[in-house]
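Structure, as structure tokens:
The values are calculated or read from the model by the stated rules, or taken from the named source; none is laboratory data. On a predicted model such as this, the values are computed, not experimentally measured, just so you know. FYI the Cβ positions are ideal-geometry reconstructions off the backbone, even for glycines, and counts take in every protein chain you see. When the accessible area is computed, the model is the full protein with side chains, heavy atoms only, and any ligands, DNA or RNA have been set aside. Shrake-Rupley method; radii C 1.70, N 1.55, O 1.52, S 1.80 Å.
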Amino acid sequence: MTKQEDNKAVVVRWFTDFWGETCDLSVVDAVAAPDMLLKYSLHEPRRGRDDIKAFMTDFRTAFPDLNFWATADLIAEGDYVVGQWEGGGTHTGPAFGDFLAGSLPAATGRTMRFTGTTVLKVIDGRIVEEIGLDDGVTALTQLGLMKAA
């Protein structure tokens, strides 16, 4: 396989096992660099395996049905892989304060569903960066943290 095919395979595993319907946190140790950066517009940036695991644990506890899936083929060039996705979940868990625009009290029952594009940098089979631009306005509006104009 080419470098780009290898990098896509790493990202497919990450998207499936970390962001997919069920989360297997062992994937973080398997494919994330020790100091990986995870950065999305809705949340504070996270760095390192432990911080990324804590983020996902809290996110999935607050949104137990959290799930994201690909909406287009991955594009790879050099060390970079780009993916488009859609996803969301329903807030039925504890209070959640990780959004930059505010916090949710426990079990609001609100559902968010939104899209995004992510650029991942893969070096020697490890993800060193995941930088995503999500439709945070849609998600925050659906969760009641922003008001529609």
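Here are a few things to note about the model shown:
- Lys, Arg +1 and Asp, Glu -1 on Cβ, resulting dipole of the chain about Cα centre, debye, nearest 20: 380 debye
- Surface analysis of the chain yields an accessible area of 50 Å² per residue, using protein heavy atoms and a 1.4 Å probe.
- Bridging of Lys147 to aspartates and glutamates at a Cα separation below 17 Å is possible for Asp135, once same-chain residues fewer than 8 apart are set aside.
- A cut-off of 5 Å between modelled amide H atoms, ignoring neighbours fewer than 5 places along the same chain, links Phe96 with Leu104.
- Solvent exposure ordering (accessible area, 1.4 Å, most first) of Arg60, Arg13: Arg13, Arg60
- In this structure, the amide hydrogen of Arg110, modeled 1.01 Å from its nitrogen in the peptide plane, lies closer than 5 angstrom to those of His91, counting only residues at least 5 positions away or on a different chain.
- For segment 3-143, with +1 on Lys and Arg beta carbons and -1 on Asp and Glu, the positive-most of Ile123, Ser103, Phe18 along the dipole: Ser103
- In segment 3-143, Cα pairs under 8 Å separated by at least six residues give a relative contact order of 26 percent.
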